[in-house]
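Beneath this line is the structure, given in C-alpha cells, with notes to follow.
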C-alpha cells in the first residue's frame, strides 16, 4: 500500500510539473500613435489580426495616443490603425512568447481632395 501511495504521489507531481511547464505567459504590445510632425493622434482604432489563425482583436487608443495590449499569443500580427482625417496605416509585428514589445505607428493626415477648377470664360 505504501508503494502505491509513493507511486501515486510521483505521478501526480509529474503531471503538475508538466502542466506548469506547458503554460506560456501572454505577451504584451504597447506604443504610441503619432504623425511625422511628432503630434500624437488620439482615439485611433487598432485592429490586430494574427496571421497564423486569423484571430482579430480591436482596441481604441487613448486620448494621449498611447496603447497597451496584454495577453497576446505569440505570432505575427498585421496591425491596422485608422482614425477620421488620417490615412490608414499598416504594420506587421512579431510577438514572442512572454515578451513585452513596443511598436510606434506613424499616421499621416489624409490628402484633401481638390477638384479641378475651370473658370467660366465668356467672350465679348
Inset, instruction - Hey, can you tell me all the residues within the range 58-67 that are surrounded by 15 or more Cβ atoms within 10 Å (Cβ to Cβ) and over 18 Å from residue 89 (Cβ atoms)? - result: none
Inset, instruction - Name, by its number, the condition in (1) buried (at least 16 other Cβ atoms within 10 Å of the Cβ); (2) within 16 Å of residue 35 (Cα to Cα) that does not hold for residue 91. - result: (1)
Inset, instruction - Looking only at the range 68-85, count how many residues are surrounded by 14 or more Cβ atoms within 10 Å (Cβ to Cβ) and in contact with a strand residue (DSSP E or B) (Cβ under 6 Å, 6 or more places away or on another chain). - result: 10
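Rule-based calculations on the coordinates, nothing more; no lab input. Predicted, not measured: the structure shown is a model, and the values here were computed from it. Here the Cβ is made from the backbone with ideal geometry for all residues, glycine too, and neighbour counts use every protein chain on show.
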